[in-house]
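Structure first, commentary second.
The values are calculated or read from the model by the stated rules, or taken from the named source; none is laboratory data. The structure displayed is predicted, hence computed values, not measured ones. Methodologically, a virtual Cβ is constructed for each residue, glycine included, from the backbone with ideal geometry; neighbour enumeration extends over all protein chains shown.
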Amino acid sequence: MNYWNKYCECMEREELKKLQSQRLIEAVERVYYNVPYYRNLMQERGLMPEDIKGIEDLNKLPFTTKDDLRENYPYGFFAVPLSEIVRIHASSGTTGKPTVVGYTRRDIAIWSELMARTLTCGGATKDSVIQVAYGYGLFTGGLGVHYGAERLGASVIPISGGNTKRQIMLMKDFGTTVLACTPSYALYIAETMAEMNLHKDDFKLKYGILGAEPWTEGLRQEIEEKLGIVAIDIYGLSEIIGPGVASECLYKTGLHINEDHFIPEIIDPVTGEVLPEGSEGELVFTTITKEGIPVIRYRTRDISSLNYEPCPCGRTHVRMQKVIGRTDDMLIIRGVNVFPSQIESILIDIGETEPHYLLVIDRVGNMDNLEVWVEVSEKLFSDEVRRLEELNRRIAYEIQSTLGLSVRVKLVEPKTIERSQGKAVRVVDKRR
Amino acid sequence: MKIKQISVFLENKKGRLAQLTKILKENNIDISAISVADTANFGIIRMIVSRYSDAMRVIKDAGYTVNTTDVLAVEVADSPGGLHQVLEILSQNDISVEYLYSFVRRPSERALILFKIREIDEAIGVLNHNGINILSPEEIYEL
């Protein structure tokens, strides 16, 4: 078994708790004195930094949500001056504005270390040739894996996503041994290989470091079989650091959370109460080493559970169960976060006062496809075909430029989309 | 001069047009002209009907998206070059036609063509000036 940092990854729990407590105390001090948002919130609760004496006091602290981050757009949560920030990433928010995160030089160094651990955990070594087919850019996937792979000392192919036939050609010619991308893209690569009459034996692939979207065991088996690899699930979100929050080891029985940097909790999404060990609930993280944008008890909206049983790999860090769902209506399509409300605000901008729409997601040829059905109201309707086709194109264009995701728009008759008694049905997800 | 045309949005689904015509039949509304513009996904039905405000109401009540547009009903000679004469007048005056279609019935030896024109008032002036007959709503709804 290979470890990147055996000392940290296999630390005894008592020692780990001590480390977490000490780091939590420092993190709370940092946010209290540097982030007015947290200071106000703590003062409202009559909390001073010295009231937090260790991880046992974690539940005295307030939660942070994606909405809180968005309301303080863009830099309200930064705990250091912008001069100390060396990198900014962003992910899509629930409405037009993205969630912005900043990294100091030390944050980038820690992130690289955590990604080096993740890659090692998933089978990569310094001798690996790692093809990074996650998107590079504001999305944390590409650069996150890239820095970790360089830290590991592997040979990095920074190809980013898309251009699949070229990916496959380089994968073959360069002798790629580790593929890092979303699971749906890995499967798409496999399908495209078959179309090109290439067989898995033509490649040197051994491992897939796959994440950024939920996927099933069935899909894992299919990818492993078609690409001839061991496929590893990784987990992360930009609000916490990006990829590198947690990853499976080769035993593939849950994802080890890098607990020396992030403290996980499982809460009841309705009451906010911390649930006993092993319960399923909403996953919450507190970052205890981050400088740029430390977050306290961040509610991920992901549903999982925590398993503190020892893992045969020797790592002592707690394992989170593969994410099994969401507490909100966020969808992940080709690695992109999509909220139905984003589509709604686009339709409102176009002039629809009370838009009726439906997102239909399907997996066609192993690629996620998003189709947006929009009911044509009198306001949008025209007797000219040209106008309606323009409307169709405009909606598609606006969605594409907001989400960075290509969609097919379908104009439908009123009342086509089912009205429910309570919450409107906005999503039909036909993926496995 | 201007005639009210009813336009209805329809998805390309089997039986949708028949459902629409059924509603009109049940309400004893007569269609004097109809055209269907279709694309891969949807169609637009354009109609001239008797009792257009009643028609609007029943179609709307049935849950369709419907609107009205002003069009011109122009009489042209039912012989070679009849339509061309009108189109040439419009073209010479820089007036473009969005679409046109013809009536189901005709009152005489003349044909009746419906024109959708954005610059509708300019078109009325030009056609009148050239001695082209444009039918009034009363004449049309009586057809």
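Here are the criteria: (1) within 14 Å of chain B (Cβ to nearest Cβ); (2) on the phi < 0 side of the Ramachandran plot; (3) touching a residue at least 12 places away in the same chain (Cβ under 8 Å). Tell me which single one A:Lys415 does not satisfy.
(2)
Can you say whether A:Arg419 is at pLDDT 90 or above and out of contact with any Pro (no Cβ under 7 Å at 6 or more places or on another chain), as far as the supplied structure shows?
Answer is no for this residue.
Scan the stretch A:365-391 for residues that are more than 14 Å from chain B (Cβ to nearest Cβ) and of a type in the set (A, V, I, L, M) and jot them down.
Across the stretch A:365-391, the qualifying residues are A:Met367, A:Leu370.
Results for (1) in contact (Cβ under 8 Å) with a residue 60 or more places away in the chain; (2) touching a helix residue (DSSP H, G or I) at 6+ places or on another chain (Cβ under 9 Å), shown as yes or no for each residue.
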{"position": "A:Tyr38", "(1), (2)": "yes, yes"}
{"position": "A:Met115", "(1), (2)": "yes, yes"}
{"position": "A:Lys126", "(1), (2)": "no, yes"}
{"position": "A:Tyr136", "(1), (2)": "no, yes"}
{"position": "A:Gly141", "(1), (2)": "yes, no"}
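Do we have any residue at all in the stretch A:392-410 that's surrounded by 13 or more Cβ atoms within 10 Å (Cβ to Cβ), modelled with pLDDT under 90, away from every other protein chain (no Cβ under 14 Å) and part of a loop (DSSP other than H, G, I, E, B)?
Checking the stretch A:392-410: at least one residue is surrounded by 13 or more Cβ atoms within 10 Å (Cβ to Cβ), modelled with pLDDT under 90, away from every other protein chain (no Cβ under 14 Å) and part of a loop (DSSP other than H, G, I, E, B).
Out of the stretch A:335-382, which residues are at pLDDT 85 or above and among the hydroxyl-bearing types (Ser, Thr, Tyr)?
Of everything in the stretch A:335-382, those that are at pLDDT 85 or above and among the hydroxyl-bearing types (Ser, Thr, Tyr) turn out to be A:Tyr357, A:Ser377, A:Ser382.
Of all the strands (runs of 3 or more DSSP E) wholly in the stretch B:2-83, which have at least 1 residues that are within 11 Å of chain A (Cβ to nearest Cβ), in contact (Cβ under 8 Å) with a residue 40 or more places away in the chain and in contact with a Gly (Cβ under 6 Å, 6 or more places away or on another chain)?
B:2-11
Considering every residue within the stretch A:18-26, establish whether at least one is surrounded by fewer than 20 Cβ atoms within 10 Å (Cβ to Cβ), within 29 Å of A:Thr402 (Cβ to Cβ) and outside the structural domain of A:Ser341 (by TED's automatic domain parsing).
Checked the stretch A:18-26: no residue is surrounded by fewer than 20 Cβ atoms within 10 Å (Cβ to Cβ), within 29 Å of A:Thr402 (Cβ to Cβ) and outside the structural domain of A:Ser341 (by TED's automatic domain parsing).
Every residue in the stretch A:295-344 that is in contact with a Pro (Cβ under 9 Å, 6 or more places away or on another chain) and either assigned to a helix (DSSP H, G or I) or of a type in the set (Phe, Trp, Tyr) (or both), please.
Correct list: A:Ile343, A:Glu344.
Considering only the stretch A:346-360, state which residues are part of a helix (DSSP H, G or I) and either among the acidic types (Asp, Glu) or crowded, with 16+ Cβ neighbours inside 10 Å (or both).
Correct list: A:Ile346, A:Leu347, A:Asp349.
Identify all residues within the stretch A:165-197 that are in a helix (DSSP H, G or I), of a type in the set (Ser, Thr, Tyr) and either at pLDDT 95 or above or more than 29 Å from the chain's Cα centre (by Cα) (or both); write none if there are none.
Within the stretch A:165-197, none qualify.
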